[in-house]
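Participant: If you scroll down you'll find the structure; I have some questions about it.
Bear in mind these aren't lab numbers, they're just calculated from the coordinates by the rules spelled out. These numbers come from a predicted model, not from an experiment. Cβ placement follows ideal geometry from the backbone for every residue including glycine, while neighbour counts extend to all protein chains displayed.
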Amino acid sequence: QVQLVESGGGLVQAGGSLRLSCAASGPTFSTMGWFRQAPGKEREFIAAITDSAGSTGYADSVKGRFTISRDNAKNTVYLQMNSLKPEDTAVYYCTARTVGIIGRYTGAYSYWGQGTQVTVSS
């Protein structure tokens, strides 16, 4: 049974940092990533990383502030979030697919975690 379990969300002041983790059980996924969804908004792509080449992709809104990484031995993906802004407030979802190409829309991914809340206060 495939499970993606996120952790590391919480409340932080603007300018602060958080590190999200997502541990996957089941197969080793070729691509793992993060999306987020703020109240009243659609779920949006944040970042993704492939396993073989370690290729990464980021949304323009987080480029230079967020860093995605993964530990293939642990089947875990991380999202280091620095210089957080109030507009980063959202539920962050871990996602995975067995295709080794970064996708930037929700339909590209087959597996999702339950989400973890990130709240950035001003």
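Participant: Of the residues 66, 45, only one is in contact with a Lys or Arg (Cβ under 9 Å, 6 or more places away or on another chain) and not aliphatic (A, V, I, L, M); which?
Facilitator: Just one listed residue meets the conditions, 45.
Participant: Kindly list, by first and then second residue, each pair from a residue in segment 109-122 that is within 7 Å of residue 93 (Cα to Cα) to a residue that is assigned to a loop (DSSP other than H, G, I, E, B), limited to pairs with Cβ atoms under 7 Å and residues at least 6 apart or on different chains.
Facilitator: 116/8; 116/9
Participant: What is the residue count in segment 69-122 for residues that are under 20 Å from residue 3 (Cα atoms), surrounded by 22 or more Cβ atoms within 10 Å (Cβ to Cβ) and hydrophobic (A, V, I, L, M, F, W, C)?
Facilitator: The total comes to 4.
Participant: Would a scan of segment 40-52 turn up a residue that is touching a residue at least 40 places away in the same chain (Cβ under 8 Å), among the β-branched types (Val, Ile, Thr) and out of contact with any Phe, Trp or Tyr (no Cβ under 7 Å at 6 or more places or on another chain)?
Facilitator: Yes: one or more hits.
Participant: Now for a different question. Which strands (runs of 3 or more DSSP E) sit wholly inside segment 42-122 and have at least 1 residues that are under 13 Å from the mean Cα position of the chain (by Cα) and under 21 Å from residue 26 (Cα atoms)?
Facilitator: Details: elements: 44-50, 56-58, 66-71, 76-81, 90-97, 116-121.
Here the list reads 44-50, 66-71, 76-81, 90-97, 116-121.
Participant: Among 53, 38, 47, which is the only one that is surrounded by 18 or more Cβ atoms within 10 Å (Cβ to Cβ) and more than 16 Å from residue 8 (Cα to Cα)?
Facilitator: Testing whether each residue is surrounded by 18 or more Cβ atoms within 10 Å (Cβ to Cβ) and more than 16 Å from residue 8 (Cα to Cα) leaves just 47.
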